[in-house]
Amino acid sequence: MTAFQRLTMADIAQLAGVSKTTASMVLNGQAEQYRIAASTVARVRQVAAEHHFQPSASARLLRSRRSGTLGLVVPELTNFAHALLAQALEPLCRDAGFQLFVVSSNDQADMETKAVEQLLARQVDGLMLVPCTNNAKLYAKWAKRLPLVLVDRRVIDSNLPFVVSNAEEQVFTLIEHTLAQGVTEIAYFGGQMLLSPSIDRLAGYQRAWQARQLPVNQALIWQRDYQNQSGYAMMNECYTLLGRYPEAIFTASISLLEGVLAFMNEHDHFNNAPQHLLSFDDHRLLDCMPLPINTVVQDSAQLAAQSLQRIQALLAGETVESSWVAAHINWRQKVELAVAAGKIPV
């Protein structure tokens with residue numbers, strides 16, 4: 001027994017003094033098609049508004065053989081980049097008539113599989129996924145069951161459509177312009193080396209050294225995962241190796257940057273910090289840091305919009321292409337040589 005009352009279409013029809021069919025036609029936008037009198041339309045709509053009644057979405061979707069839902073699987077809800085993606089995507093889905101389910105894989109393959117299986121059990125109409133493995137066969141299997149678009153990360157050797165930031169180009173620019181200042185030592189702290197973000201960001205880092213015809217010090221490249229505790233651990237290892245901070249540090253995610261900053265704050269309260277701090281991903285709180293930090297800023301709005309567009313296209317039976325979404329750099333610390341050479345817009 002429940003104390004709550006759920007109004008039905010029949011209840012609204014009775015209150016408005018019309019048939020259930022007439023009430024349904026009015027509230028489902030078919031009044032003009034069936035030439036229902038304007039006075040009747042107004043009366044039904046007034047009764048529905050007074051009782052805060054909405055037609056059953058379940059019944060409408062059942063007729064269309066759709067669930068009206070989409071799924072988004074991200075590695076971590078606490079990851080700022082993925083939180084921004086979900087935040088940008090949810091209202092877009094709502095405006096397009098979908099409810100968005102957001103679940104986390106915790107960057108673990110078994111949890112990712114369970115998350116996707118739960119979404120499939122809910123019969124979501126499409127799936128947007130930030131993959132945590134390069135298991136192309138697994139994702140291809142899911143793509144046979146429903147429209148699937150990879151977001152933020154692509155899967156190596158997979159033909160599945162993806163929407164990903166142009167990480168390599170922006171990391172290249174960030175590192176190359178830092179090297180232009182005469183910096184000869186930039187430590188690299190990255191995540192899982194087999195994932196596409198790690199591959200793309202490390203490629204940009206290495207290409208910048210090659211462009212400057214400088215050797216890459218492999219001893220200054222660390223890769224673990226994208227957890228902030230890994231950023232802390234890699235900073236600790238680097239400091240132990242050198243007996244000091246390197247001239248510059250690049251972190252491949254803002255979560256790794258958090259760990260690096262925690263180490264610096266704990267170790268010496270930023271008194272002997274590196275001359276240059278660089279990172280992929282941005283946060284407004286970095287504007288309040290005692291040190292200027294140049295960052296690559298992803299376009300979360302475009303990542304979300306282009307992902308949803310591709311899901312809708314796949315639902316319509318259309319073929320879609322992958323997309324590289326332009327990112328930009330937030331230059332908090334001006335790179336004087338590059339500015340003087342006209343390479344960086346002021």
| What ranking do 272-282, 137-147 get when scored by the average of other Cβ atoms within 10 Å per residue, highest first? | 272-282, 137-147
| query | H269: accessible area at probe 1.4 Å, nearest 10 Å²? | reply | 120
| said: Under 37 °C and 0.692 mPa s, how fast does the chain diffuse according to Stokes-Einstein, given a Kirkwood radius computed over C-alpha pairs? Answer in µm²/s, whole number. | reply: 142
| Tilt relative to the chain, helix 38-50 - C-alpha long axis, 0 to 90 degrees, to 10 | 60
| message | Compute the angle between helix 167-179 and the longest alpha-carbon principal axis of the chain, please, reported from 0 to 90 degrees and rounded to the nearest 10. | response | 30
| Within-11-Å neighbourhood charge of Q99 [Cβ basis; K, R +1; D, E -1] | 0
| request: Could you list which residues have their amide H under 5 Å from that of L100, counting only those 5 or more apart in sequence or on another chain, with H placed in the peptide plane? | output: L70
| task | Rounded to the nearest 0.05, what FRET efficiency do A42 and Q99 give with R0 = 35 Å and r taken as the Cβ-Cβ distance? Could you check? | result | 0.70
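On the protein heavy atoms, probe 1.4 angstrom, tell me the percent of accessible surface of segment 8-53 carried by carbon and sulfur.
Accessible surface attributable to carbon and sulfur in segment 8-53 totals 48 percent.
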| said: Compute the distance from the alpha-carbon center of segment 70-138 to that of segment 200-236, in whole Å. | reply: 28
| Charge dipole (debye, nearest 20) of segment 180-244; +1 at Cβ of Lys and Arg, -1 at Cβ of Asp and Glu | 140
| task | Work out the length of the dipole vector of the chain about its Cα centre, built from +1 on the beta-carbon of each Lys and Arg and -1 on the beta-carbon of each Asp and Glu, and round it to the nearest 20 debye. | result | 1600
| message | If I compute solvent accessible area with a 1.4 Å probe over the protein chains, what percent of it on segment 139-286 is carbon and sulfur? | response | 47
| field | 3J(HN,Hα) from dihedral phi, segment 193-204, Karplus parametrisation 6.51/-1.76/1.60, rounded to Hz, x for glycine, proline | value | 5, 8, 7, 4, x, 5, 5, 5, 6, 5, 4, x
| task | Name all residues of segment 249-274 having a backbone nitrogen under 19 Å from the label point set 7 Å from the Cα of D287 along its Cα→Cβ direction, giving them as ranges. | result | 254
| remark: Accessible-area order for L314, L148, largest to smallest, probe 1.4 angstrom, reads L314, L148
| request: Have a look at L278, A233, P246 and report the one farthest towards the positive end of the charge dipole of segment 220-291, computed about the Cα centre with Cβ charges (Lys/Arg +1, Asp/Glu -1). | output: P246
| What Rg and what Dmax come out for segment 270-310 when only alpha-carbon atoms are used, in angstroms? | 14.7, 48
| Going by accessible area, probe 1.4 Å, with all protein chains left in place, what is the ranking of L285, L72, L291, largest first? | L285, L291, L72
| task | From largest accessible area down, sort E318, E112, E266; use a 1.4 Å probe on the protein chains. | result | E266, E318, E112
| request: Kindly state, to the nearest 0.05, the FRET efficiency for A83 paired with E185, given R0 = 41 Å and r defined as their beta-carbon distance. | output: 0.80
| Extended-chain gain in nm, criterion 0.36 nm per residue less alpha-carbon gap, E32 and L214 | 58.3 nm
| field | Residue-wise HN-Hα coupling along segment 148-163, computed from phi with Karplus coefficients 6.51, -1.76, 1.60 (Hz; x: Gly, Pro) | value | 9, 10, 7, 10, 6, 10, 9, 10, 4, 6, 10, 9, 5, x, 9, 10
| said: Rounded to the nearest 10 Å², what accessible area does R207 have for a 1.4 Å probe in the complete protein model? | reply: 70
| message | Under the rule of at least 5 residues apart or a separate chain, name every residue whose amide H is placed under 5 Å from the amide H of L214. | response | none
| note | Helix 300-315: inclination vs the chain longest Cα principal axis, degrees, rounded to 10, gives 50
| task | Enter the accessible area per residue of the chain (Å², integer; probe 1.4 Å; all protein chains in place). | result | 51
| query | If you put +1 on each Lys and Arg Cβ and -1 on each Asp and Glu Cβ, how big is the dipole of segment 129-214 around its Cα centre, in Debye rounded to 20? | reply | 520
| Expressed as a whole number of Å, what is the distance separating the alpha-carbon centroids of segment 6-48 and segment 167-190? | 65
| query | Given a 1.4 Å probe and the protein chains all in place, what does the accessible area of W324 round to, in Å² to the nearest 10? | reply | 130
| remark: Under Stokes-Einstein, segment 111-241 at 4 °C and 1.567 mPa s, with its Kirkwood radius over C-alpha pairs, diffuses with a coefficient in µm²/s of 77
| said: If I build a Gaussian network model for the chain, linking alpha-carbon pairs within less than 10 angstrom, which residue out of A233, A42, A187 has the largest mean-square fluctuation? | reply: A42
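The values are calculated or read from the model by the stated rules, or taken from the named source; none is laboratory data. Just so it is clear, the model here is predicted, and its values are computed rather than measured. Every residue, glycine among them, receives a Cβ derived from its backbone with ideal geometry; neighbour counts consider all protein chains shown. When the accessible area is computed, the model is the full protein with side chains, heavy atoms only, and any ligands, DNA or RNA have been set aside. Shrake-Rupley method; radii C 1.70, N 1.55, O 1.52, S 1.80 Å.
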